[in-house]
Amino acid sequence: MGLLEIRGLSVAYGSIKALHGIDLRIDEGEIVSLLGANGAGKSTTLRAVSRLLPFAEGDILFQGTSLAGLPPHRVVSLGIAHVPEGRGIFPSLTVLENLKLATWTRSRKGSAAALYRPVFDLFPRLEERKSQPAGTLSGGEQQMLALGRAMMTDCRVMLLDEPSMGLSPILVKEVFRAIREINAKGTTVLLVEQNAGMALKIAHRGYVLANGRIVLAGSAEELARDQRVKEAYLGNRAG
Amino acid sequence: MLDTVIQQLLNAAQLGAVYALIALGYTMVYGTIRLINFAHGDIFMLGGYIGFLLVTAVSGMPLVVMMPLAMLLTALVGMLIERVAYRRLRNAQRMSLVITALGVGIFLENLVRLLVGPQARQLPAQLPNGVVELFNGVVVTEDKILIIFISLALMVILWLFVHRTLMGTAMRAVADNKDAVQLMGINLNMVIAVTFAIGSALAAAGGIFFGQAYSIDPYMGIDLGWKAFIAAVIGGIGSIEGAVLGSFLLAGVEVLTVAYLSSNMKNGIAFGLLILLLLLRPNGIMGRPELKKV
Ligand SMILES: Nc1ncnc2c1ncn2[C@@H]1O[C@H](COP(=O)(O)OP(=O)(O)OP(=O)(O)O)[C@@H](O)[C@H]1O
Ligand SMILES: [Mg+2]
């Protein structure tokens, strides 16, 4: 059984159905990429998992237990962290306050320095800027803060919604390197991306979503070679 | 001459302290759920009555017992109102929420009128009312000094709570992004309930002080509620520092108007000040521009 399993999930906004019974599985330790064009339903999927959206049909299982009926904050305490589209940082709070809030559900034993060490080791720039309001950070730094907050929740699975959005190619590389490192330290990752090339480079497996349905699934290499994926998401490069 | 100026300043500080205790609840609730809680003036009134009923029930109950108890009970009422009347409307049109708040206010006024009666009541004086000589010939009454001092102490405690505790940090985060607060593993409903509890408790302190300094009646929350609301808007609604600043500013202008111009002009000047300030600074003195998305 996978660490996180989505079974026959349907989600609707009012009368408009955004997901039509999707199935998805993530195993412990994997990076799984969820690809798809604008409006395919990627964010909807993540918001259903973190219970920000109610789901109409199907179920979501984490370590075999259903998330149906749980409020969002309980999902976090189970070990699922969601970095939403647009990052969701608190601009009026300092960097440190942003990180500190993410420790809400876990124990804060030990020194403060030790508590933030893993995040500051991965993102030294956050440590330099820890006392400034998060709203004054650059886009890349804000994404690092969003990832850092997810780390602070002590999660087992991270749901990342387009972490490369709006970043320069150099910063995208840096963020993806960080995601890889987070995964190497034992956190499972569900990575939503439009930047399929980058996502498939670090992912083990992937799914392609179109109009609320899973249309392709496979290993990252298979998907990267797939003609349909190439045409739709990697640009029309022959070969 | 100096004596009257000092007395006027103390009167202004006392009134400003009461305004501030109410204005803080307006601003905190607005900061978290973007609701102008028009029932808040009536929660202030209710706090005064709960204090009154406590000292009537147990005669000789000292203020150090009565006030925390009344604040606690009023906090529970504030949480109950949020739970029953506002929570399910949180994602509804803002107008539904505002109308509900007005309805809750009218309900509270009539409830108190029915249970306790429409006439004005005097809270038994529980503060020492001796006089202290500041310097040659200038004397001030102890109760006034205590009201000002305790109110300021409550405001300092609130500031420390909001800026130095994790719950306070969460309250500020709710103003930024409610979804993201939940994604930190924080129970949003709990944070909002705490916000209502604190705002209501402070309003109760204001109601008790008002009853000590003047008197209480079921409709006192209307006038005082509007004034405190104006003070919060002048200061920049959503800002705690702004609410305090706006309250003392408004009280100062009012007291000076009554003392040196005419008491008839008091409200005219207060509302005039509001309009003028909002023309100059639409977000209030301490307001953050991005907070004003009404
Ligand atoms: N709040 C909403 N109300 C109504 N419809 C919505 C809402 N949010 C999303 N939708 C619709 O649901 C569908 C899926 O949206 P979703 O945001 O999940 O797409 P996405 O794959 O994340 O797209 P993008 O890459 O642009 O972020 C779209 O058709 C969208 O218009
Ligand atoms: Mg999206």
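Are there any strands (runs of 3 or more DSSP E) wholly within the stretch A:1-102 with 1 or more residues that are closer than 20 Å to A:Ile179 by Cβ and within 16 Å of ligand 2 (Cβ to nearest atom), and if so which?
Ranges flagged: A:16-26, A:31-36, A:80-83.
Go through A:Ile80, A:Ile89 for me and flag whichever is closer than 23 Å to A:Asp23 by Cβ, away from ligand 1 (no atom under 16 Å from the Cβ) and within 11 Å of chain B (Cβ to nearest Cβ).
Of A:Ile80, A:Ile89, the one residue that is closer than 23 Å to A:Asp23 by Cβ, away from ligand 1 (no atom under 16 Å from the Cβ) and within 11 Å of chain B (Cβ to nearest Cβ) is A:Ile80.
Could you tell me which numbered condition A:Val49 fails, if it satisfies all but one of (1) near ligand 1 (Cβ under 9 Å from one of its atoms); (2) of a type in the set (Val, Ile, Thr); (3) within 14 Å of another protein chain (Cβ to nearest Cβ)?
Of everything listed in (1) near ligand 1 (Cβ under 9 Å from one of its atoms); (2) of a type in the set (Val, Ile, Thr); (3) within 14 Å of another protein chain (Cβ to nearest Cβ), A:Val49 misses just condition (1).
What residue, of A:Gly135, A:Gly148, A:Gly186, A:Gly218, is more than 16 Å from ligand 1 (Cβ to nearest atom), more than 14 Å from chain B (Cβ to nearest Cβ) and under 30 Å from A:Arg106 (Cβ atoms)?
Sole residue among the options that is more than 16 Å from ligand 1 (Cβ to nearest atom), more than 14 Å from chain B (Cβ to nearest Cβ) and under 30 Å from A:Arg106 (Cβ atoms): A:Gly186.
From the list B:Gly207, B:Gly137, B:Gly185, which residue is over 18 Å from the mean Cα position of the chain (by Cα) and at pLDDT 95 or above?
B:Gly185
If you go through the stretch A:103-116, how many residues are among the hydrophobic types (A, V, I, L, M, F, W, C) and either within 16 Å of ligand 2 (Cβ to nearest atom) or surrounded by 16 or more Cβ atoms within 10 Å (Cβ to Cβ) (or both)?
2
Among the listed residues B:Ile216, B:Ile148, B:Ile222, identify the single one that is within 14 Å of B:Tyr26 (Cα to Cα) and either within 13 Å of another protein chain (Cβ to nearest Cβ) or of a type in the set (A, V, I, L, M, F, W, C) (or both).
The conditions single out B:Ile222.
Can you tell me how many residues in the stretch A:22-40 are touching an Asp or Glu at 6+ places or on another chain (Cβ under 7 Å) and either more than 15 Å from ligand 1 (Cβ to nearest atom) or not hydroxyl-bearing (Ser, Thr, Tyr) (or both)?
2
If you take the residues in the stretch A:29-81 that are modelled with pLDDT of 95 or more, surrounded by fewer than 17 Cβ atoms within 10 Å (Cβ to Cβ) and at positive phi, which one is nearest to the chain's Cα centre (by Cα)?
Filtering the stretch A:29-81 for residues that are modelled with pLDDT of 95 or more, surrounded by fewer than 17 Cβ atoms within 10 Å (Cβ to Cβ) and at positive phi, the one nearest to the chain's Cα centre (by Cα) comes out as A:Gly29.
Cβ-Cβ under 7 Å, sequence separation 6+ or interchain: first residue in the stretch A:191-213 and away from chain B (no Cβ under 14 Å), partner among the acidic types (Asp, Glu) and away from ligand 2 (no atom under 15 Å from the Cβ). Which pairs?
That search, which allows pairs on different chains as well, returns A:His204/A:Glu30; A:Arg205/A:Glu30.
Does the stretch B:52-68 contain at least one residue that is in contact with a Pro (Cβ under 8 Å, 6 or more places away or on another chain), touching a residue at least 60 places away in the same chain (Cβ under 8 Å), crowded, with 22+ Cβ neighbours inside 10 Å and part of a helix (DSSP H, G or I)?
No: zero hits.
Starting from the stretch A:156-177, take each residue that is on the phi > 0 side of the Ramachandran plot and list its partners that are within 12 Å of ligand 1 (Cβ to nearest atom) and not in a loop (DSSP other than H, G, I, E, B), counting only C-beta distances under 7 angstrom and pairs at least six apart or across chains.
If the second residue must be within 12 Å of ligand 1 (Cβ to nearest atom) and not in a loop (DSSP other than H, G, I, E, B), the pairs left are A:Glu162/A:Val192; A:Glu162/A:Glu193.
Out of A:Asp161, A:Asp154, which single residue is among the acidic types (Asp, Glu), within 16 Å of ligand 1 (Cβ to nearest atom) and within 14 Å of chain B (Cβ to nearest Cβ)?
A:Asp161
Can you find even one residue in the stretch B:227-236 that is modelled with pLDDT of 90 or more and under 18 Å from B:Thr56 (Cβ atoms)?
no
The values are calculated or read from the model by the stated rules, or taken from the named source; none is laboratory data. Everything numeric in this text was worked out from a predicted model, so none of it was measured. Every residue, glycine as well, gets a Cβ built from its backbone with ideal geometry; the counts of neighbours run over all protein chains shown.
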